[in-house]
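Colleague: Take this structure, written in structure tokens, and hold onto it; I'll ask about it next.
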Amino acid sequence: MADLRAAVEFCMEQPDEEAKDEVSTSTQTTEVAKPDVVEVERKFVLPDDFEQKLSDIGASFLQKKTLTDMYYDTDDYRLTLSDHWLRQRNGTWELKCPPSLRKSDSQNMSCQYAEYTKEIDIVQMCAAVLDVDGRDIIVDSLITHSNCHKFATLVTHRKSYAVDNFTIDLDVTDFGFQVGEIETLVVDQSRIADALTKIDKLAEKLGFRDLWTAPVLDVSLPSTTTTEAT
């Protein structure tokens with residue numbers, strides 16, 4: 001990627017530089033259907049003493065893991081330019097794209113994304129954008145038929161904590177960018193605003209700063225689009 005913001009957006013699952021919130025949903029059937037839960041999240045800049053503050057509020061440590069995300073598209077970036085983000089995360093195919101009834105809120109800059117993890121759903125959604133036969137049932141075949149290729153690989157080291165009904169992820173990329181994420185689940189979109197308010201209150205208690213209003217970091221990216229763990 002050409003600059004830090006692009007790399008961070010790919011790795012941190014942000015759709016564009018204006019989107020401050022992301023709402024992810026997932027399918028559970030072999031058809032592209034409406035999801036039944038909504039994941040609400042915000043991303044934040046972490047203070048130096050964030051782990052002590054997590055301990056102070058009684059957060060429980062859940063796990064530590066490394067995420068390797070490989071992003072795929074055509075030479076002319078038909079997927080990403082259509083806001084479709086096709087990736088392999090630790091070997092499993094995932095797609096994030098706008099839901100059919102996405103609504104934007106210009107006041108809080110929130111946006112919604114559907115997340116698909118079943119390959120048949122991923123193929124159907126991508127085939128419509130790529131204008132190829134969508135009868136393939138595996139993503140590997142779609143990649144071959146549409147001449148897609150890997151254009152970025154990003155490695156993120158994540159620590160996850162839980163407090164009340166919230167999950168707090170602390171992510172560090174191989175090139176040194178650090179970001180926090182607070183997320184929770186709601187059963188329908190009418191509860192998103194309330195969930196965001198609660199997330200903001202928890203972030204304030206932890207001393208987290210909004211990622212998109214924080215000063216721009218002066219971090220140099222590697223010379224290639226691929227970063228590998230050392």
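The values are calculated or read from the model by the stated rules, or taken from the named source; none is laboratory data. Nothing here was measured: the structure is a model prediction, and the numbers come from that model. Here the Cβ positions follow ideal geometry from the backbone for every residue, glycine too, while neighbour counts run over all protein chains shown. Quick note on the areas: whole protein, heavy atoms, side chains included, nothing else; ligands and nucleic acids left out. Shrake-Rupley method; radii C 1.70, N 1.55, O 1.52, S 1.80 Å.
Colleague: Keeping to the stretch 47-84, report how many residues are under 15 Å from Ser160 (Cα atoms) and open to solvent by less than 40 Å² (accessible area, probe 1.4 Å).
Modeller: 4
Colleague: Further, regarding this structure: Go through (1) open to solvent by 20 Å² or more (accessible area, probe 1.4 Å); (2) at negative phi; (3) more than 18 Å from the chain's Cα centre (by Cα) for Leu206 and report which single condition fails.
Modeller: (1)
Colleague: Asp218 versus (1) under 24 Å from Trp93 (Cα atoms); (2) at pLDDT below 90: which is the lone unmet condition?
Modeller: The one condition Asp218 does not meet is (1).
Colleague: Then there's this: State which residue pairs qualify: first residue among the β-branched types (Val, Ile, Thr) and inside the stretch 116-135, second residue assigned to a loop (DSSP other than H, G, I, E, B) in any location, beta carbons under 7 Å apart, and separation of 6 or more residues or different chains.
Modeller: Matching pairs, first to second residue: Ile120/Thr30; Ile120/Ile137; Val123/Gly134; Val123/Asp136; Val123/Ile137; Val129/Ser82; Val129/His84; Val132/Ser146.
Colleague: Filter the stretch 135-163 for residues that are touching a Leu at 6+ places or on another chain (Cβ under 8 Å), part of a loop (DSSP other than H, G, I, E, B) and open to solvent by 20 Å² or more (accessible area, probe 1.4 Å) and give the result.
Modeller: Asp136
Colleague: In the stretch 116-128, how many residues are of a type in the set (Val, Ile, Thr) and open to solvent by less than 40 Å² (accessible area, probe 1.4 Å)?
Modeller: The initial filter retains those residues of the stretch 116-128 that are of a type in the set (Val, Ile, Thr), namely 117, 120, 122-123.
Now drop any that are not open to solvent by less than 40 Å² (accessible area, probe 1.4 Å), which leaves 122-123.
Counting residues in the stretch 116-128 that are of a type in the set (Val, Ile, Thr) and open to solvent by less than 40 Å² (accessible area, probe 1.4 Å) gives 2.
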